[in-house]
Structures are given as structure tokens and as C-alpha cells.
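Visitor: This is the structure I have questions about; it appears just below.
The values are calculated or read from the model by the stated rules, or taken from the named source; none is laboratory data. None of these values were measured; they are calculated from a predicted model. Neighbour counts are summed over all protein chains in view; Cβ atoms, including those assigned to glycine, are modelled from backbone coordinates with ideal geometry. The protein model used for the area step is the full one, side chains on, heavy atoms only, and it has no ligands, DNA or RNA in it. Shrake-Rupley method; radii C 1.70, N 1.55, O 1.52, S 1.80 Å.
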Amino acid sequence: MATPPPISSTPPFKQRPSKYQYQSGFGNSFESEAVKGSLPYGQNTPQRVANGLYAEQLSGNAFTVPRAQQQRSWLYRIRPGVCHTPLVPFEKPTLLDSACSIVNPNQLRWKPFPIPEKKHDFVEGLITIAGAGHASVRHGIAIHIYTANENMVNKSFYNSDGDFLIVPQQGTLDIQTEFGFLEVHSGEICVIQRGVTFSVNVPDGPSRGYICEVFGAHFRLPDLGPIGSNGLANPRDFLSPVAAFEDVQVQHVKINKFLGKLFTATQDHSPFNVVAWHGNYCPYKYDLNLFCAVNSVTFDHLDPSIFTVLTAPTNEPGVAAADFVIFPPRWLVQENTFRPPYYHRNCMSEFMGLIRGVYEAKKEGFLPGGGSLHSCMTPHGPDADTFNGAIGAELKPTKIPDVALAFMFESSLILGISDYANKNFIDDDYWKCWQNIANNFKNHQQQ
Ligand SMILES: [Fe+2]
């Protein structure tokens, strides 16, 4: 299947064609039934569910969290999720790393992670790059790369540890979930929460992308403060599946990630047997082209938090375990301003990836499918060439072109590195891009 053409980030937008239907809205309480009359009316657990279905609740939060945070769904399925053999350790070696015990405070950059030619699916292709905290205490994050060149056939995955925010970089993901289907192109993202069973096909062949896994609170839309009630990622642009089921007897392998380790079980039927569901705990996707960016229209930079698409908070107000931030195509219009990102040292940790094009602060070396990590208080900023270009540039309105799309997973946690990431595809010369920054402080001693 050919890769679909990218959709323009310039309005008027066209809805991206998809073979699936969706329901629109962030955090809505949805309801969907693939067979009419399958959802109980006015209650969740009638004595006998219509059409011989089983009722099963999937809880996304403790039962007693404040109502505004409560996320749960009711699934009405052909057989409940419990019908499987005991879970046993996954037989294949994996590159998942729940420890991330390598400590490295340097500016780090990785060349594009290659997609191995040997046949592997989405789960087998998970590679942990960095992380902090642990699923056992429900606090922390992990950053993974995925690659895949093979569909998950009669195989599914669910994660007990946290939520996956998936950022495809190369190739479309055709994802079957208990709640229905999601087709996620490069330039879109999806979130698949803790416990949701899903299976990934790669219709474009070799595929690659990034994952931010959060062990604590779910992703939510950031507060907008004085921006008001519109802008950034608008709730109506988030899309969730409609119910779709298969009633097949087949040998199926279910893979579970539990405290960083993989386990498998088998069952004699498809887990994608949810005929109807309702609730507000369900996967969703979002087209990054629809992000309505704000920035200064006079002078200077605002902080990059203005580009936050989703945030997974900690218990401390305004402090995120993970912010998902994008640097989208947009106009730069500030007067008398150094327009690239400024030099800075951040109390947060910044993992960056590139979906396509060229990032504005690094014209070379930071490539799609690669990454960089600037940890807590590690200084960074534009390389010398970018700096010299920017201070001499004519400051007319310019557009960061449509082909450029970088993103950042920004965390208040201090990230350790996986053993794999410490040894593979590191750009050993990264530090050199700042070494020819000149001393421009001239002749002031004589004045
Ligand atoms: Fe930064």
C-alpha cells in the first residue's frame, strides 16, 4: 500500500481520508454499538446483557478520584477478557529496559534508529531509550522507539504499566483495538491507555516512530489560561473509534507488559470481540496539522509550553511528568528578535524527535527517526551556523515550511539512559556543533 500524500498544514484543511469511522471530542463520554440493541439502556450490568454478551468494566483510574478525572468504560463482549491461559514470560529477547540505569549528563543525540530487516512486529520492535521512575509506583515515564515490518497476526498487546503516546515517523499504523480501529498516519499521533488491548499492522511496510509511556496520570489537554477557550489542540479534533468486533475461533497470543517485562498467554478466540461499549476511557488519535499555534506577534519568544499538545501531570500543579510539545509549521514575525530557539538551561528534561523535514535550531545532524536528549540543566541551543545565520537575517515574516515537524517529550523527571541507547547510534560528534561559537565581545576593555 502506497504512503498517502501528506495533508497540508495550511487551511482550508481537508479531512484526511480514512477507511474507518470515528467519534469526535477529547474525553467525551461516548457510546457505540456495532450491533444495534447491544448496549444496556439506563444501567451497566443488567442480569442478562442483550445478545448474550458479557459486561466488563475497564477502569482508567481509582474508583474514587474526583469526578472530573474519572475515566472508565464498559465493554459488552462475546467473551470476557479473562478467558486465557496463565501468563508466562515472553520467550524472545527484547530491548525494553525498565531500569534505564546509565547516567549521562551530556548533550546527547542519536542518529536515526534503523529499521532492522529481519521480520519483526510492533511489540518485538520496541526499544527503550530513556526513562525515570517506575511503573510499580505509578510515577515516571519511559521513551521508546518502535520499528516494525510485519503485522501482528493473531497477536495482541496490552500494557499494565502505563499509557502509550505513539508518534509515527515513517509508515501508517493500522491499529485494531478492543474499542474499534484507528488508522494513524505519520503527522498524526494516538494514545492507547493502560489496559487497552490492541494489535498493530504496518500497511506501508517498514515503519518507525516514537513512544512516550506515562506511568501516572493520563494525558490531558493543557489549560489555556489567558489564551482563552480556543487554540492549541482543540477538543473536537481528537478522534476515537467506533465499536467493531470479530467473532472468530482462532489461536491468539496476548502479550502483556507488566513492570517492564513481557508475558504471553493464549486463548482460542479473538480479543477484539467487543460488540458495544460506552464510557470515556478509550484510545484516540489527533492530526498534528490541526494544532492552532500561538506565539509572540511583537517581539521575543514565548516559552515552548505554548506548543503543548497534551500533558500528563504530576501531583504538583503545573509540573508535568510528560508534556508532548510540537514545533509545527508556522509564521515567524517577531521584530528585533533572535528567532531560533534561544540558548537555555532547563530544569526539565527534553527529549526531541523529528517526524519530517529540518528542525529550525539544527540544520544538520538532527534527522527524522533520530533523537536528542538535553537533560536537566544541560546547556543547549542553536549550533554556530544557525546562530550566525539568525543574527544576520532580514527579519521579514517567514514561514517554517510545511515539511518541518519536530516534537519534544519534556519531563520534570531526570532521565536515565538505557544500555542500548548508550551504546548504539549515538552521535559522538554532537558536542562539536557548539565549539566554534565565537567570542564576539570585542574591544570593550579599551572603552
Ligand atoms: Fe531545549
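Visitor: Whole-Hz ³J(HN,Hα) for each residue in region 113-130, computed from phi via Karplus 6.51 cos²θ - 1.76 cosθ + 1.60 with θ = phi - 60°, x for glycine and proline: what do you get?
Guide: These are the phi-based 3J(HN,Hα) values: 6, x, 8, x, 7, 5, 5, 7, 9, 4, 6, 5, x, 7, 10, 7, 9, 8 Hz.
Visitor: Separation between the T337 and V297 pseudo-spin-labels, each 7 Å from Cα along Cα→Cβ, expressed in nm?
Guide: Each label point lies 7 Å from its Cα, and together they span 1.2 nm.
Visitor: Tally Lys and Arg at +1 and Asp and Glu at -1 over the other residues with C-beta under 11 Å from the C-beta of N436: what net charge comes out?
Guide: -1
Visitor: Have a look at Y430, Y284, Y343 and tell me which one the Gaussian network model of the chain (Cα, springs below 10 Å) gives the largest fluctuation.
Guide: Among Y430, Y284, Y343, the largest GNM mean-square fluctuation belongs to Y343.
Visitor: Taking the mean number of other Cβ atoms within 10 Å as a proxy for protection, how do you rank 122-132, 308-318 from highest to lowest?
Guide: 122-132, 308-318
Visitor: Stretched out fully, how many nm does the piece from L87 to R220 gain, at 0.36 nm a residue minus the Cα gap?
Guide: 44.7 nm
Visitor: Under a Cβ-Cβ cut-off of 12 Å, what is the net charge of the residues other than G187 that fall near it, where Lys and Arg count +1 and Asp and Glu count -1?
Guide: 0
Visitor: Let me ask you something else. For region 311-374, just say rounded, prolate or oblate: build the C-alpha gyration tensor, square-root its eigenvalues into a ≥ b ≥ c, call rounded for a/c under 1.5, and beyond that prolate if a/b exceeds b/c, oblate if not.
Guide: Judged from the Cα gyration tensor, region 311-374 comes out oblate (a/c at least 1.5, b/c at or above a/b).
Visitor: Further question on the same structure: Hey, got a sec? Which trypsin sites (Lys or Arg not before Pro) in region 29-133 land in a DSSP loop and have at most 10 other Cβ atoms within 10 Å?
Guide: Counting only loop positions with at most 10 other Cβ atoms within 10 Å, the trypsin sites (Lys or Arg not before Pro) in region 29-133 are K36, R48, K118, K119.
Visitor: Further question: Let a ≥ b ≥ c be the square roots of the eigenvalues of the Cα gyration tensor of region 289-435; is it rounded (a/c under 1.5), or, if not, prolate (a/b larger than b/c) or oblate?
Guide: Oblate is the answer for region 289-435, as a/c is 1.5 or above yet b/c matches or exceeds a/b.
Visitor: Can you give the helix-only mean residue ellipticity at 222 nm for the chain, where every DSSP H stretch with n ≥ 4 adds -39500 (n - 2.57) and the sum goes over all residues, rounded to the nearest 500 deg cm²/dmol?
Guide: Mean residue ellipticity, 222 nm, calculated: -1000 deg cm²/dmol.
Visitor: Let me ask something else about it. Ignoring ligands, DNA and RNA, what accessible area per residue does the chain give at 1.4 Å, in Å²?
Guide: Accessible area per residue: 47 Å².
Visitor: Let me ask something additional. Return the long-range amide H neighbours of K155 (sequence gap of 5 or more, or a different chain), with a cut-off of under 5 Å between placed amide H atoms.
Guide: It is V253, by chain and number.
Visitor: Same structure, new question: Residues in region 113-137 near a label at T378, defined as backbone nitrogen under 17 Å from the 7 Å Cα→Cβ point?
Guide: What the label zone holds, given the 17 Å backbone N cut-off, is 113, 128-133.
Visitor: Can you give me the % of accessible surface on the chain that is carbon or sulfur? Probe 1.4 Å, all protein chains present, nothing else counted.
Guide: Carbon with sulfur: 54 percent of the solvent-accessible area.
Visitor: Around E394, under 15 Å between beta carbons, what's the net of Lys plus Arg minus Asp minus Glu among the other residues?
Guide: The answer is +2.
Visitor: Go through region 314-330 residue by residue and turn each phi into a ³J(HN,Hα) via Karplus (6.51, -1.76, 1.60, θ = phi - 60°); whole Hz please, and just put x for glycine and proline.
Guide: 9, 6, 8, x, x, 10, 9, 5, 8, 9, 9, 10, 10, 10, x, x, 6
Visitor: Now for a different question. In square nanometres, what is the average projected area of the Cα convex hull of region 77-135?
Guide: Taking the Cα atoms of region 77-135, their convex hull projects to 7.4 nm² on average.
Visitor: Enumerate the calculated ³J(HN,Hα) couplings along region 402-408 in order (Karplus 6.51 cos²θ - 1.76 cosθ + 1.60, θ = phi - 60°), each rounded to whole Hz, writing x wherever the residue is Gly or Pro.
Guide: 4, 6, 9, 8, 10, 8, 9
Visitor: Pop the C-beta distance of K19 and N388 into the FRET formula with R0 = 60 Å and round what comes out to the nearest 0.05.
Guide: Computed FRET efficiency for K19 and N388 comes out at 0.80.
Visitor: If you build a Gaussian network model of the chain, linking Cα atoms that sit under 10 Å apart, which residue out of L302, L290, L173 swings the most?
Guide: Comparing L302, L290, L173 in the GNM, the peak value goes to L302.
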